[in-house]
Structures are given as structure tokens and as C-alpha cells.
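Notes to accompany the following structure.
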Amino acid sequence: MGDKNIKAAVIMGSDSDLSTMQKCIDTLKEFGIQPTVRVISAHRTPLEAADFADKAKENGYKVIIAAAGMAAHLAGSVAGRTELPVIGVPMQASEGPNGLDALLSTVQMPPGVPVASMAIGKAGAKNAAIFAAQIISLFDEEVDKKLKQFRTRQTEAVIAKDASINS
Ligand code: RP5
């Protein structure tokens, strides 16, 4: 592994997270970022998770997006093994706590090892991609341009809706 042109990795604890994380992958592609996508679990494949984290920087990634549900330790365990920025996306995998379990597991990192935690589910998946693009835009002009265009389109769409409601 290690295509130096691939700047972002999207990892998730289970293939059952993919339907939610597809929003993240699609949004990254809209910004011209082709991510590596992997199913890696902090609990079920801990050695693979450690190996991925240990080699992520030398493999050329600039940012890692890690999604997991229930006791969501993936983002945190990866963050503990790399200096790369790690964005966590809590998945709504359990029936009881509705993703609150994953949110708290993702966001409540001990001081010294931060994870940028997004919202639960699809909103978090989309925002993770935008946040990753914001990081990459600091050194990639094409992504920066696409990010500005996205913001303009988003603003114009809301203004148009406001105008149509009042017309
Ligand atoms: C987590 O457990 C995964 O990220 C997933 O959200 C949840 C349930 O996994 P499956 O039982 O659907 O594989 O590790």
C-alpha cells in the first residue's frame, strides 16, 4: 500500500458502516480527493489497525477519517499511533443509545491525543470529508478552489430558497 497521491484514508470498523460513510467518500471525490477505503476494526482486527496507523504517515496520507459504532475506539486507537490529524465519525450502530455511545467514545479523548469528532451519522460523514478537504486545501490549490466553489454554491442555494419562500 502507499500511493503517495492518495492523501486521505477512510477507515471504518465494519462494512455495515459503509452505507453511512458513502456520503463521506462521495463528498471527498467531489473535492477531487480519491480516498483509500478500508474496513479495519480496533477490536476485531487490532493488529491491522495498529499496522495501518503506524505506516499511515510514511504511506503519504495527510488525514485519516475513522468511523465506528458502539464502543467506537477506532479513531482514538489510530490517533494514539500517528501524528496525522484523525477525524472521527460516530456511527449509529446500536438500537439503544442511538449513536450516543459512539459519539462519547470518539469525542472523549484524554488530553494529549486529540480526535476531531464529527456529528453522529450522515451529517458527520459529510462534514468529515469537508474537514479533511479543509486540511488538504492548505497545501493543495485544486482542493482549495473546489472548497471555495462548494461554499459559494451552498450559500447561493440557501439564498435562492429564502427568496423562493418569500416570493
Ligand atoms: C463497530 O461495531 C462497527 O464500526 C460498527 O459500527 C458496529 C457494528 O458492527 P457489525 O456488527 O455490524 O459488523 O465496530
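The values are calculated or read from the model by the stated rules, or taken from the named source; none is laboratory data. Just so it is clear, the model here is predicted, and its values are computed rather than measured. A quick note on method: Cβ atoms are made from the backbone with ideal geometry, for glycine too, and the neighbour counts reach across all protein chains shown. Note: areas computed on protein heavy atoms with side chains; ligands, DNA, RNA excluded. Shrake-Rupley method; radii C 1.70, N 1.55, O 1.52, S 1.80 Å.
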(request) Spot the failing condition for Ser77; the list is (1) open to solvent by 30 Å² or more (accessible area, probe 1.4 Å); (2) within 15 Å of the ligand (Cβ to nearest atom); (3) part of a loop (DSSP other than H, G, I, E, B); (4) modelled with pLDDT of 95 or more, and only one is missed. (result) (3)
(message) Return the residues of region 96-143 that are out of contact with any Cys (no Cβ under 7 Å at 6 or more places or on another chain), outside any loop (DSSP other than H, G, I, E, B), more than 15 Å from the ligand (Cβ to nearest atom) and open to solvent by 50 Å² or more (accessible area, probe 1.4 Å); say none if nothing qualifies.
(response) Val107, Ala123, Asn127, Phe131, Gln134, Glu141, Glu142
(message) If Ser41 meets every condition in (1) within 23 Å of Gln134 (Cβ to Cβ); (2) surrounded by fewer than 22 Cβ atoms within 10 Å (Cβ to Cβ); (3) within 11 Å of the ligand (Cβ to nearest atom) apart from one, which number is that one?
(response) (1)
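Considering only residues that are of a type in the set (A, V, I, L, M) and within 12 Å of the ligand (Cβ to nearest atom), look in region 82-95 and name the one that is nearest to Asn127 (Cα to Cα).
The selected residue is Val89.
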(message) Filter region 3-28 down to the residues that are surrounded by fewer than 24 Cβ atoms within 10 Å (Cβ to Cβ), modelled with pLDDT of 95 or more and not in a helix (DSSP H, G or I) and list them by number.
(response) Ser14
